Structures are given as structure tokens and as C-alpha cells.
Amino acid sequence: MEDHVVGEYAALGGRGGSGDETFGFEVRHEWEHELAAGGWTCLGWPVEYGGRGASISQQVIFHEEYARARAPGRVAVVGEGLIGPTIIRFGTDAQKRRFLPPIVAGTELWCQGYSEPDAGSDLANIKTPAELDGSEWAITGQKVWTSLAQQAQWCFVVCRTEPGSVRHRGLSYLLVPMDQDGVDVRPLRQLTGTAEFNEVFFDGARTARENVVGDVGDGWRVALATLSFERGIAMLGHQLSFVREFDRLVSAARERGRSDEPLVRQQLAAAYAELCIMRYNTLRSLSGIDGPEAPPEASIAKLFWGTWHQRLGELAVDLLGVEATVCTAFPYELGDFQRSFLFSRAETIYGGSNQIQRNIVGERVLGLAPEPKGSR
Ligand SMILES: Cc1cc2nc3c(=O)[nH]c(=O)nc-3n(C[C@H](O)[C@H](O)[C@H](O)COP(=O)(O)OP(=O)(O)OC[C@H]3O[C@@H](n4cnc5c(N)ncnc54)[C@H](O)[C@@H]3O)c2cc1C
């Protein structure tokens with residue numbers, strides 16, 4: 001890391017990633033190729049698919065060193081963490097040969113086409129229809145909140161392929177190329193001023209008949225597997241960057257002469273203790289698993305870190321005082337703490353909202369009565 005995070009990569013100062021996706025995108029994409037050249041992408045994938053077959057603890061070490069080296073925020077997390085493991089688990093040999101190597105090489109980027117205006121937490125309400133037209137699927141519908149759709153070459157889209165089917169039946173998991181006339185990506189500007197996510201309109205978009213992962217009509221099972229990967233190892237890198245953010249906050253308190261105030265000291269100490277709890281709990285929940293999917297206990301970690309990060313952001317803007325209300329440059333250039341404070345609002349929503357995580361913890365960890373049917 002010391003040898004390679006130099007020049008324009010070092011100049012990024014570890015930025016990029018969640019909430020800061022558009023920052024230095026081109027350079028970060030180049031960095032992806034540099035990582036791939038050294039064999040440092042897709043560490044947890046089996047060796048036969050271009051990975052290193054790294055254990056969970058080896059991956060944790062890598063992510064920690066990565067954060068410590070202030071290496072650029074990854075641009076290929078959706079491919080490496082979500083669709084890659086899904087194709088490895090459910091894909092055909094031809095799909096593995098076609099789609100895995102460009103993910104390992106960092107040359108093809110992916111986005112996740114799940115959410116729709118009426119299907120978020122209640123994902124089984126997906127409506128976007130797809131029908132076979134000769135040797136191709138034709139897709140017409142709308143997805144929303146699609147992160148990085150403007151940069152991605154491919155999208156995995158959960159579609160309704162059996163007309164008249166309801167809920168989780170009759171869905172299929174299609175791999176759809178983004179660069180075509182039938183796909184219209186409209187960026188949505190966020191609180192942070194940047195547009196990380198998008199509305200994606202499919203208007204007769206096409207993909208080859210064989211680009212379906214799993215059986216036609218069995219997309220729900222595949223979609224759930226991807227979600228379990230999203231809550232597992234893929235979340236880890238993001239969480240580990242909090243250590244650096246916390247260290248910056250301690251420095252900011254010192255620089256402003258506030259680190260001697262009893263209340264500030266207590267708040268920083270509490271945040272640090274919780275940061276340690278977060279790390280140990282994550283390690284605990286990942287211990288003993290040997291695949292990319294998360295156990296139900298990972299919902300505790302998601303609930304904890306999303307909420308913790310929001311509180312850290314609030315502590316940061318409290319510490320900065322009026323300084324926090326002023327942009328660092330015209331017209332809306334935010335500082336690290338401001339950006340984090342604003343973007344962290346999203347962290348208790350994406351990847352399953354806090355309420356949904358509590359449902360999972362209640363039902364699958366504590367064994368409580370399931371959510372009443374029809375409550376949605
Ligand atoms: C930054 C960001 C990036 C995202 N990126 C993507 C992406 O790349 N691809 C993608 O497909 N989606 C993406 N999403 C969408 C995300 O998955 C959804 O926002 C999330 O699943 C919640 O769905 P919703 O927004 O429709 O809210 P809703 O499901 O409408 O929820 C509204 C409120 O009701 C609560 N609620 C809903 N159901 C229940 C229940 N059963 N019990 C208790 N409370 C409930 C929720 O917790 C929430 O507070 C992203 C979202 C964000 C914020």
C-alpha cells in the first residue's frame with residue numbers, strides 16, 4: 001500500500017466511496033486497475049474465479065490496512081461484493097466466464113436495480129415487467145435510488161417475468177447492459193449536493209435471453225442471496241473507514257482547543273468505546289462463517305453502525321459550531337464532517353432500514369413472532 005498509494009492516488013486523501021462517490025471518479029477507476037494488476041481485488045472469491053480465496057479474517061486485515069493507508073474509495077464494490085458472489089453461487093459457466101473476469105480486472109462496473117417507487121422495504125412488490133421477444137428480454141419499467149447507474153456498464157435488474165404473478169413469485173434476475181437506447185438514467189441530487197443515485201427508466205430495454213441468473217421465475221431466491229451478501233463482508237470496508245473519521249474528529253477537537261472540555265471528552269470517549277464494540281461485534285458476527293453472506297446477527301451490526309455514524313456526524317457539527325454552517329467553497333463544496341453528517345442520514349435507510357433490521361433481529365435472531373401478514 002505504501003508503495004502504491006502515491007501521486008494522484010495519494011492526492012485523493014482516501015476520499016471517495018459512500019456519500020462521496022463522484023469525487024475523483026476517473027482516478028479512482030484507474031486505481032481499480034492498479035489494484036487488479038497486483039491481484040488485490042475480489043480477495044474473498046475462490047482462486048478459480050480470479051480471487052485469492054482469502055478467509056474472513058484476512059479480508060478484515062486487508063480492509064483495515066486499506067483504510068489506514070488512506071487508499072482511494074473503491075468504485076467497484078457492487079461488482080465485487082454483490083453481483084460477483086451471486087454469479088459465483090447461481091450463474092452458469094458461460095455467465096461466470098463472461099462476467100467475472102471484467103469485475104476482477106475492474107473494467108466493468110455494476111449497479112443494483114432493485115428498488116422501485118412502490119418497492120423498497122417491501123421489495124416483493126416489484127412491478128417492472130420483462131417479456132421474452134425472440135432471443136431477447138424486453139424490459140419496460142422504472143427503478144429508483146440506483147447508486148452509480150451513471151457510471152455502470154451493467155445493472156442486475158429484478159423484473160416480473162410472469163404476467164399476473166404477485167409478491168415473490170414470477171420474478172427473474174436479469175443482467176442488463178446500461179449503454180443502450182432503452183435505458184434512461186436520471187441523476188437525483190442529494191442533500192450532499194452530489195448525485196450518487198438515480199432514477200432508471202427502461203423503455204423496451206434489451207438483454208440476451210441467457211442473461212438471467214438462476215431459473216426464470218426464481219429471481220426472488222437469487223435477489224435475497226444478493227441482499228445477504230450486501231449485509232455481510234461488503235459492508236465491512238465502509239465500517240472500517242470510521243476509525244479514520246473518528247481520529248480526524250479528535251484532531252479537530254484538539255485544534256479548536258475543545259478536547260479539554262469535560263462534556264466533549266466524555267462524548268468522544270463514548271464514541272470511541274462504541275467504535276470498539278462495533279468492531280468486536282462485526283468480528284463476532286463474521287466468525288465461523290465461510291462464505292460472503294451475512295448471518296442474521298449482521299443486522300445488529302448494521303443497526304448499530306448506521307445509528308452510530310449519524311451520532312458521530314452530529315457530534316462533529318456540534319464541535320465545529322458555526323463553522324459547520326459554512327460551505328468550504330462556493331457554491332456548495334462541503335468539508336468532510338459536513339458531508340458525513342448529511343450523508344449519514346441515508347445509512348439508516350439503505351441496505352435495509354433500521355426498522356427492517358429490527359424486524360430481522362426480532363424474527364431471526366430472537367425468534368419472536370413474525371411480523372403480521374398484511375401489515376405492509
Ligand atoms: C443512499 C442510498 C442508496 C441506495 N442505493 C440503492 C441501489 O443502488 N439500488 C437499489 O435498488 N436501491 C437502493 N437504495 C434504496 C434502498 O434500498 C431503499 O431506500 C430502502 O430499501 C427503503 O425503501 P424505501 O426508500 O422505498 O422506503 P420505504 O420502504 O417506503 O420505507 C419508508 C419507512 O417505512 C418503514 N417501514 C417500511 N416497511 C416497514 C415494516 N415492514 N416494518 C416497520 N417499518 C417499515 C421504513 O423503515 C422507513 O422508515 C438506496 C437508498 C439510499 C438511501
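The values are calculated or read from the model by the stated rules, or taken from the named source; none is laboratory data. What you see is a predicted model; the values in this text were computed from it and never measured. We place every Cβ from the backbone using ideal geometry, glycine too, and count neighbours over all the protein chains shown. Only protein heavy atoms, including side chains, enter the accessible area calculation; ligands, DNA and RNA are left aside. Shrake-Rupley method; radii C 1.70, N 1.55, O 1.52, S 1.80 Å.
Note on the chain: helix-only mean residue ellipticity at 222 nm, from DSSP H runs of 4+ residues weighted -39500 (n - 2.57) and normalised by residue number, equals -12500 deg cm²/dmol. Once every Cα of region 223-376 carries one equal point scatterer and solvent is ignored, give the base-10 log of I(q)/I(0) from the Debye formula at q = 0.20 Å⁻¹, two decimals. One equal scatterer on each Cα of region 223-376 leads to -1.23. Fully extending the segment from C276 to R221 would add 16.3 nm, taking 0.36 nm per residue of separation and subtracting the current Cα-Cα distance. In this simple spin-label model, placing a label point 7 Å from the Cα along the Cα-to-Cβ direction at both V317 and L263 gives a separation of 1.7 nm.
Pairwise over distinct Cα atoms, reciprocal of the mean inverse distance: report the Kirkwood radius of region 249-335 in Å, one decimal place.
Numbers: mean 1/r = 0.0659 Å⁻¹.
Result for region 249-335 stands at 15.2 Å.
Taking label points 7 Å from Cα along the Cα-to-Cβ direction, A94 and V250 give a separation of 5.6 nm. Rounded to a whole number of µm²/s, how large is the Stokes-Einstein D of region 74-219 at 10 °C and 1.306 mPa s, given Rh as the Kirkwood radius over C-alpha pairs? This corresponds to a translational diffusion coefficient of 104 µm²/s. Using the alpha carbons alone, the radius of gyration of region 148-290 stands to its Kirkwood radius in an Rg to Rh ratio of 1.14. Relative protection proxy for 318-331, 294-307, from highest mean packing down: 294-307, 318-331 (other beta-carbon atoms within 10 angstrom). Normalised by the number of residues in region 102-170, the mean separation of alpha-carbon contacts (under 8 Å, six or more apart) gives a relative contact order of 40 percent. Averaged per residue, the chain has 48 square angstrom of accessible surface, using a 1.4 angstrom probe with ligands and nucleic acids left out. Along the axis of the charge dipole computed for the chain (Cβ charges of +1 for Lys and Arg, -1 for Asp and Glu, origin at the Cα centre), the listed residues S344, F156, A130 are led at the positive end by S344.
What number, in percent, do you get for the relative contact order of region 1-116 if the mean sequence gap of Cα pairs under 8 Å and at least 6 apart is divided by its residue count? The partial results should precede the final answer.
On the way: 132 pairs, mean separation 36.9, N = 116.
For region 1-116, the relative contact order is 32 percent.
About the centre of its Cα atoms, region 284-376 shows a dipole size close to 380 debye [charges on the beta carbon of Lys, Arg (+1) and Asp, Glu (-1) only; nearest 20 debye]. Taking the Cα centre of region 42-166 as origin and assigning +1 to Lys and Arg Cβ atoms and -1 to Asp and Glu Cβ atoms, the resulting dipole is close to 440 debye. Label zone (R345, point 7 Å along Cα-to-C-beta; backbone nitrogen cut-off 19 Å) within region 193-215: 193-199. The fraction of accessible area contributed by carbon and sulfur in the chain is 54 percent, rounded to a whole number (1.4 Å probe; ligands and nucleic acids excluded). Placing +1 on the Cβ of every Lys and Arg and -1 on the Cβ of every Asp and Glu, with no other charges, gives the chain a dipole of roughly 940 debye about its Cα centre.
Peptides 348-355, 366-373, ordered by how many other C-beta atoms sit within 10 Å of their residues on average, highest first, read 348-355, 366-373. Highest GNM mean-square fluctuation among G44, G335, G214, for the chain modelled with Cα contacts below 10 Å: G335. The alpha carbons of the chain give a radius of gyration and a Dmax of 21.0, 71 Å, in that order. To one decimal place, what Kirkwood hydrodynamic radius in Å is obtained for region 289-332 from all pairs of distinct Cα atoms? Answer for region 289-332: a Kirkwood hydrodynamic radius of 13.3 Å. Mean separation of Cα pairs under 8 Å and 6 or more residues apart, divided by the residue count, gives the chain a relative contact order of 14 percent.
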